[in-house]
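Visitor: Please read through the structure below; I'll follow up with questions.
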Amino acid sequence: MHVAVLGSGAWGTTVAGILATNATSVGLWCRRPELAERIRGSGANEEYLPGIALSPRIRASSSVAEVVAGASLVVLAVPLQQLRSRLLEWSPELPRVPVVNLAKGVETATGLFGSEVVADVLDPVHVLALSGPNLALEIARGQPAATVVACADPAVAAQVAGWCSTPAFHAHPLTDVIGVDVAGAFKNVVALAVGMVEGAGLGANARAAVTTLGLSETASLGSRLGGRLETFLGLAGAGDLVATSTSTLSRNHRVGVALGQGLPLAEAMGRAGGTAEGVATAPALLRRDPDLPFVRDVVAVLEGRRSPVETVSRLLSVS
């Protein structure tokens with residue numbers, strides 16, 4: 001079996017490594033030809049996963065056609081706000097096989113979640129969403145983790161979950177694609193808020209309260225959109241939210257901490273070391289559903305209309 005992974009950041013490269021455990025070969029698309037050449041030459045992606053040796057089954061290339069040729073599965077590992085333009089560019093090359101989306105967020109122009117964007121552009125045979133408490137560097141190091149793989153077709157979900165499972169990385173099938181998408185998008189906004197609490201030095205009680213309120217609003221929105229409660233209480237919901245909201249490996253958490261310390265948004269984002277999807281996702285969520293007071297208060301900080309301390313106080317005053 002050959003698998004194509006389109007996107008060679010930390011998470012895309014990590015997922016390529018997971019899939020290489022079960023696949024015969026994995027193509028890894030790199031936007032920059034020089035990065036593909038360095039990966040081929042060194043057997044590692046030092047730019048995004050320093051010190052991690054890659055499987056010899058992984059072949060890096062800057063040619064989409066080369067990467068997807070003969071693929072039984074395509075994995076999309078590009079930032080959510082770039083997803084549509086990339087898919088429109090790649091669509092003539094992509095085989096008609098199941099597509100797994102890794103991007104978490106809401107498209108700013110349309111209010112669509114990642115899997116919805118994929119279906120809107122490609123009309124593929126199956127769209128899947130992979131999500132969970134999955135910090136890339138830990139998984140690349142072989143530390144234990146779990147995730148969910150969601151597809152409307154339970155047989156396809158189970159098959160792809162099997163392909164994504166290793167002795168250390170455990171993938172569980174689900175059919176609640178919209179629930180997984182909502183949880184994956186919303187947790188980045190919660191991570192911003194929890195980071196603000198930490199950066200402002202407001203304590204563990206406030207941090208726990210903000211985390212809980214964020215999870216509650218996630219489940220409320222997800223239920224309105226057809227998601228299932230058990231999704232939000234499981235790996236894709238509470239699990240991913242806790243990991244993203246508490247780990248220093250989380251870019252959204254780091255941006256929130258910097259905002260809590262009083263840095264302007266542009267400087268806070270510069271410290272993240274990569275895309276913090278929550279910054280674009282928060283206002284996009286409000287366009288999808290304006291009845292989100294938690295998100296509305298986070299957006300007020302992002303837009304400079306309220307301080308993090310004021311926002312945390314507001315969040316805690318609303319039950």
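The values are calculated or read from the model by the stated rules, or taken from the named source; none is laboratory data. Being a predicted model, the structure only gives us computed values, none of them experimental. Here Cβ is always computed from backbone atoms with ideal geometry, including for glycine, and neighbour counts include all displayed protein chains.
Visitor: Counting only residues that are surrounded by fewer than 24 Cβ atoms within 10 Å (Cβ to Cβ), give me the strands (runs of 3 or more DSSP E) lying completely in region 115-215 with at least 2 of them. Write out each step before concluding.
Guide: Working: elements: 127-131, 145-150, 169-174.
The strands (runs of 3 or more DSSP E) meeting that bar are 145-150, 169-174.
Visitor: For region 184-196, state whether one or more residues are touching an Asp or Glu at 6+ places or on another chain (Cβ under 6 Å), closer than 29 Å to Leu73 by Cβ and of a type in the set (Lys, Arg). Steps first, please.
Guide: The initial filter retains those residues of region 184-196 that are touching an Asp or Glu at 6+ places or on another chain (Cβ under 6 Å), namely 187-188.
Applying the additional criterion that residues be closer than 29 Å to Leu73 by Cβ yields 187-188.
Among the residues that remain, those that are also of a type in the set (Lys, Arg) are: 187.
Yes, that holds for at least one residue.
Visitor: Next question, about the same structure. So which of Val148, Val190, Val182, Val194 ends up being under 29 Å from Ala20 (Cβ atoms) and either small (Gly, Ala, Ser) or under 18 Å from the mean Cα position of the chain (by Cα) (or both)? Before the answer, list the steps.
Guide: Working: Val190 fails: under 29 Å from Ala20 (Cβ atoms); Val182 fails: under 29 Å from Ala20 (Cβ atoms); Val194 fails: under 29 Å from Ala20 (Cβ atoms).
Only one candidate qualifies: Val148.
Visitor: If a residue must be crowded, with 20+ Cβ neighbours inside 10 Å and farther than 23 Å from Leu286 by Cβ, how many such residues does region 216-228 contain?
Guide: 0
Visitor: Please specify each residue of region 197-228 satisfying the condition of being more than 20 Å from the chain's Cα centre (by Cα) and aliphatic (A, V, I, L, M).
Guide: Across region 197-228, the qualifying residues are Val197, Ala200, Leu202, Ala204, Ala206, Ala208, Ala209, Val210, Leu213.
Visitor: Restricting attention to region 77-104, which residues are crowded, with 21+ Cβ neighbours inside 10 Å and of a type in the set (S, T, N, Q)?
Guide: Asn101
Visitor: I'm checking my understanding of the structure. Among residues of region 268-288 that are assigned to a loop (DSSP other than H, G, I, E, B) and buried (at least 16 other Cβ atoms within 10 Å of the Cβ), which one is modelled with the lowest pLDDT? Walk me through how you get there before you give the answer.
Guide: Just the residues of region 268-288 that are assigned to a loop (DSSP other than H, G, I, E, B), to begin with: 271-276.
When the remaining residues are screened for being buried (at least 16 other Cβ atoms within 10 Å of the Cβ), the result is 272, 275-276.
Details: Ala272: 80, Thr275: 77, Ala276: 88.
Result: Thr275.
Visitor: Looking only at residues in region 255-267 that are out of contact with any Gly (no Cβ under 8 Å at 6 or more places or on another chain) and either aromatic (Phe, Trp, Tyr) or part of a helix (DSSP H, G or I) (or both), which one is surrounded by the fewest Cβ atoms within 10 Å (Cβ to Cβ)?
Guide: Among them, the one singled out is Ala266.
Visitor: Another question about this same structure. Pull up region 56-76, narrow it to residues that are under 28 Å from Phe186 (Cβ atoms) and not β-branched (Val, Ile, Thr), then point me to the one that is surrounded by the most Cβ atoms within 10 Å (Cβ to Cβ). Quick ask: steps written out before the conclusion?
Guide: Applying the first criterion (under 28 Å from Phe186 (Cβ atoms)) to region 56-76 yields 73-76.
Subsequent filtering for residues that are not β-branched (Val, Ile, Thr) retains 73, 76.
On the way: Leu73: 23, Leu76: 29.
Ranking the candidates gives Leu76 first.
Visitor: Considering only residues that are over 18 Å from Val197 (Cα atoms) and either in contact (Cβ under 8 Å) with a residue 24 or more places away in the chain or in a loop (DSSP other than H, G, I, E, B) (or both), which ones fall in region 231-243? Explain how you work it out, then say what you get.
Guide: Applying the first criterion (over 18 Å from Val197 (Cα atoms)) to region 231-243 yields 231-240.
Listed by number, the residues that qualify are Thr231, Phe232, Leu233, Gly234, Leu235, Ala236, Gly237, Gly239, Asp240.
Visitor: Could you tell me whether any residue of region 123-131 is of a type outside the set (Asp, Glu) and at pLDDT below 95?
Guide: Yes, region 123-131 contains a residue that is of a type outside the set (Asp, Glu) and at pLDDT below 95.
Visitor: Something else: Condition first: over 21 Å from Glu217 (Cα atoms) and among the basic types (Lys, Arg). Now tell me which residues in region 261-319 satisfy that.
Guide: Passing the criteria: Arg271, Arg305.
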